[in-house]
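The values are calculated or read from the model by the stated rules, or taken from the named source; none is laboratory data. Note that the structure is predicted; figures quoted are calculated from it, not measured. All Cβ positions, even for glycine, are placed from backbone atoms using ideal geometry, and neighbour counts span all protein chains on display.
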Amino acid sequence: MIRLSVINNQTEYTYETPVTGKALLKATGMEFPRPVLGARVNNRIRELSSPIYIDSTVEFFDITSSDGFRMIQRGLTFLLYLACKETFPERKLRVLHSIKNSLYCELGDWVSERDIQLLKEKMRGLVEQDLPFWKERLDKIVALKYFKSAGDADKVKVFKFRKKSTVSICHCGDKPNINYFYGYLPPSTGCLSVFDLKAYSQGFLLIHPTPLSPDSLPEYKELPKFSQVFLQYQRWGDILDVKNVGDLNESIVNGRIRELIMVSEALHEKKIAQIATEISRSANKRLITIAGPSSSGKTTTSKRLELQLKADGLFPISISLDDYFVAREATPRDEKGEYDFEDILALDLELLDYHLCSLLEGKEVHLPKFDFVTGSSKPSGKVIRIDKSQPIIIEGIHGLNDKLTASVPRETKYKIYVSALTQLGIDDINRIPTTDTRLIRRIVRDHHFRGHSAMRTIKMWPSVRRGEEKFIFPFQEDADVLLSSALIYELAVLKIYAEPLLVQISEENYENTEAKRLLKFLEYFLPITDTHLIPPNSILREFIGGSIFHY
């Protein structure tokens, strides 16, 4: 007998033989406001077509969960691939990166409005047919032969280095619509009715719903600076001749990785030097703010920029926002009633503003020191005064928000937005989310420097992400420059640190779902084990240790 406890309706169901998630969902008679996409079975994600063989706890989910959202995004990508294959069989689809609530795609050199309309009509037709997605497990050799014959060299490279002897190939309907997707798919094309295509640059955007806007498309907003930085780092990939994980793995195998690391780091240093030169040539830039989401490398960026400014004849000072928290009892609380230290009102904005204005006027300032044990501020004993050769650097999540520096004129500020905008893909249509790179960075850093387990980091990550959406991303286009801290080789290094931490999360923990997903993701990368190749001033050192800046 198989006993299945369904969390959604707190009822137990008994079966004599294995049952699929779809059949169990039908048996419950539950009605959901939107399509059910998959199930969490004993803290593992399963597609509705997968049978359940053992006693299990089952929870159904839709797009409002992070796993459901990934299914929708992946399903829409497959839908787009199918439309491209049928409408433009001679052209190759590339899904390059995300821009807000969309994916930027290219289909050859240029995409016209007519091309987009044809693709949209084909996708709508496939949605109306409600074709099922299904998977077939093939021997890796067979899969390699198929993708080689289909001209998918990027997939051939990926599977060439994978340890698994089989590959789960994805199908749609009863036609030979074959592809490969990293992760799970929704039940059918009928779940994918909410989408749009919009011309953008030389390609187009696949606009999709989100967990916060599950039934309609969010309001579209142009992000020209954000888009431009992705295109710049795409060119870096061209310089390095690494466009996907397969290319990276080949570089590791053929002994080219030393050069790849050095050139990657040189490109980073060159960009930071260019920013420093731009600041030094603008005599009125007195306040430099550096902001970005969690684990984006803000601290190392700040230190490296400081050195480059000194090389240009400036002598910046850094002010830590950590010393400007309000007293613990005055800290804002979130919707759960817990202290929200990421809210901008958790900072003593009035004191910070007064100190900044005083310093810029040449006055002496007595800096505070925040005691995190007592939750109160006290004098640090440090007194500073600056001259015109000493710009102030402030690094923190609110750096782009003018509320932080309300009385400082905008023309005297230079705002830098930093994030790990990953330019690498698993293959041409399986992109690597920036969020995954940052989460893996944080898991490694939290273990090394804060003594936190991977489970604790994963547990708090949704709260971190909500803070980013509220306090950071709305201001990114106000930056004077956007800097990607992503290194094309870094996940091959982070793999050797993250995997031992992720496997410690046991099956019974809710966070096991995310741990398994990240472990599967890291399987695509061959490891870089010789970390001596990584220079001591690298942003990566902020997470793995050994930084010259002594974190």
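Of the residues making up the range 130-151, those that are closer than 30 Å to residue 35 by Cβ and crowded, with 19+ Cβ neighbours inside 10 Å are 131, 133, 143. Taking the criterion of being under 19 Å from residue 26 (Cβ atoms) and either surrounded by fewer than 20 Cβ atoms within 10 Å (Cβ to Cβ) or more than 23 Å from the chain's Cα centre (by Cα) (or both), the residues of the range 39-56 that qualify are 39, 41, 46, 47, 48, 49, 50, 51, 52, 53, 56.
More than 16 Å from residue 99 (Cβ to Cβ), of a type in the set (A, V, I, L, M, F, W, C) and in the same structural domain as residue 234 (by TED's automatic domain parsing), is that true of residue 482? Quick ask: steps written out before the conclusion?
Working: more than 16 Å from residue 99 (Cβ to Cβ): no; of a type in the set (A, V, I, L, M, F, W, C): yes; in the same structural domain as residue 234 (by TED's automatic domain parsing): yes.
Criteria not met by residue 482.
Considering the conditions (1) surrounded by 21 or more Cβ atoms within 10 Å (Cβ to Cβ); (2) modelled with pLDDT of 90 or more; (3) closer than 28 Å to residue 119 by Cα, residue 154 is excluded by exactly one of them, (2).
Residues to consider are 481, 493; find the one that is surrounded by 15 or more Cβ atoms within 10 Å (Cβ to Cβ), β-branched (Val, Ile, Thr) and under 19 Å from the mean Cα position of the chain (by Cα). Can you show your working first?
Working: 481 fails: under 19 Å from the mean Cα position of the chain (by Cα).
493 is the lone residue from the list that is surrounded by 15 or more Cβ atoms within 10 Å (Cβ to Cβ), β-branched (Val, Ile, Thr) and under 19 Å from the mean Cα position of the chain (by Cα).
The single condition among (1) surrounded by fewer than 20 Cβ atoms within 10 Å (Cβ to Cβ); (2) touching a residue at least 24 places away in the same chain (Cβ under 8 Å); (3) out of contact with any Asp or Glu (no Cβ under 8 Å at 6 or more places or on another chain); (4) over 18 Å from residue 538 (Cα atoms) that residue 267 does not meet is (4). Here is a check on your reading of the model: is residue 188 surrounded by 14 or more Cβ atoms within 10 Å (Cβ to Cβ), free of Cβ contacts under 8 Å to residues at least 60 places away in the same chain, farther than 16 Å from residue 85 by Cα and not assigned by TED's automatic domain parsing to the domain that holds residue 427? When the stated conditions are applied, residue 188 passes them. Would you check if there is a residue in the range 463-470 being within 30 Å of residue 224 (Cβ to Cβ), modelled with pLDDT of 95 or more and not basic (Lys, Arg)? Checking the range 463-470: not a single residue is within 30 Å of residue 224 (Cβ to Cβ), modelled with pLDDT of 95 or more and not basic (Lys, Arg).
Evaluating residue 434 against the criteria (1) in contact with a helix residue (DSSP H, G or I) (Cβ under 9 Å, 6 or more places away or on another chain); (2) surrounded by fewer than 21 Cβ atoms within 10 Å (Cβ to Cβ) leaves one unmet condition, (1).
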